[in-house]
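Accompanying notes for the structure given below.
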Amino acid sequence: MAKPKILLGVTGSIACYMACDLVNRLVEEKLQVRCVMTQEAQEFVRPLSFEVLSGHEVYTDLFRSGQVEGPLHTVLAQWADLILISPCSANVIGKLAHGIYDDLLTCIVSATEAKVVLCPAMSEVMYQKPIVQANIASLKKWGCHFVGPIKGHLTCKIEGVGHITKTEEIVAAVKRLIR
Ligand SMILES: Cc1cc2nc3c(=O)[nH]c(=O)nc-3n(C[C@H](O)[C@H](O)[C@H](O)COP(=O)(O)O)c2cc1C
């Protein structure tokens with residue numbers, strides 16, 4: 001049986017480092033993984049880490065298709081059985097909720113028919129903002145799946161809701177959704 005194909009989007013959050021382990025865990029589950037990073041995610045972790053862990057080129061630029069035949073965002077949108085964005089910033093949640101498709105990752109989501117799973121990671125203050133909650137509610141209504149966030153120690157060293165959920169829970173959700 002063909003290995004399910006997971007496109008992992010990584011956005012600009014301090015929780016980016018956890019996405020490295022997530023790639024490892026998805027590969028261990030015999031899933032094919034391709035990674036897309038926003039410009040801001042690359043401030044936190046270098047694409048090289050994801051390239052080595054996934055064993056594949058990392059995609060970062062909407063206008064650089066490289067070896068791919070056709071527009072990169074449509075090729076990746078059609079390739080994926082499931083799109084997982086982890087960590088998912090408040091910014092990307094906001095863009096997706098409002099149909100703003102101004103980079104590779106958001107354009108992929110705009111062009112896909114695959115399931116989309118978002119794992120938010122942010123401070124509690126950010127997470128509790130009415131606009132963020134409204135954006136999450138809209139995306140849920142339109143069929144996006146959310147995993148987390150959970151209560152945990154945030155970067156500001158204060159315990160609060162907004163912490164990215166545990167890697168094993170993300171992997172379990174992916175396995176459940178691709179069945
Ligand atoms: C040190 C640092 C940590 C950040 N952590 C988060 C975070 O956990 N969640 C979040 O939504 N934004 C966080 N931000 C802000 C985002 O990086 C910023 O909104 C950025 O524009 C997101 O870009 P992207 O959504 O295109 O990846 C952080 C910024 C800095 C400088």
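Computed from the coordinates by the stated procedures, all read-outs in this text should not be read as laboratory data. Everything numeric here is computed off the predicted structure, so don't read it as measured data. Positions of Cβ are generated from backbone atoms using ideal geometry, with glycine treated the same way; all protein chains shown enter the neighbour counts.
Kindly check whether there is at least one residue in the range 42-59 that is within 13 Å of the ligand (Cβ to nearest atom), closer than 15 Å to ILE83 by Cα and touching a residue at least 24 places away in the same chain (Cβ under 8 Å).
Quick first cut of the range 42-59, residues within 13 Å of the ligand (Cβ to nearest atom) only: 42-45.
Filter once more, keeping what is closer than 15 Å to ILE83 by Cα: none.
The answer is no; no qualifying residue exists.
Condition check ((1) out of contact with any helix residue (DSSP H, G or I) (no Cβ under 6 Å at 6 or more places or on another chain); (2) more than 19 Å from PHE146 (Cα to Cα); (3) in a helix (DSSP H, G or I); (4) more than 16 Å from the ligand (Cβ to nearest atom)) across all residues:
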| residue | (1), (2), (3), (4) |
| --- | --- |
| GLY12 | no, no, no, no |
| GLN67 | yes, yes, no, yes |
| THR74 | yes, yes, yes, yes |
| ILE93 | no, no, yes, no |
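For the range 99-147, give me the residue count where each residue is of a type in the set (Phe, Trp, Tyr), in a loop (DSSP other than H, G, I, E, B) and either within 12 Å of the ligand (Cβ to nearest atom) or surrounded by 13 or more Cβ atoms within 10 Å (Cβ to Cβ) (or both).
Of all residues in the range 99-147, those of a type in the set (Phe, Trp, Tyr) come to 101, 127, 142, 146.
Going one step further and asking which of them are in a loop (DSSP other than H, G, I, E, B), we end up with 101, 142.
Adding the requirement that they be either within 12 Å of the ligand (Cβ to nearest atom) or surrounded by 13 or more Cβ atoms within 10 Å (Cβ to Cβ) (or both) leaves 101.
The number of residues fulfilling the criteria is 1.
Condition check for ASP81 on (1) over 20 Å from VAL58 (Cβ atoms); (2) surrounded by fewer than 22 Cβ atoms within 10 Å (Cβ to Cβ); (3) in contact with a Lys or Arg (Cβ under 8 Å, 6 or more places away or on another chain); (4) not small (Gly, Ala, Ser): one failure, at (1). Cβ separations smaller than 6 Å between residues 6+ apart or across chains give the following pairs from the range 115-130 residues that are within 15 Å of VAL174 (Cα to Cα) and in contact (Cβ under 8 Å) with a residue 40 or more places away in the chain to residues that are assigned to a helix (DSSP H, G or I) and away from the ligand (no atom under 11 Å from the Cβ): LYS115/LEU177; CYS119/ILE170.
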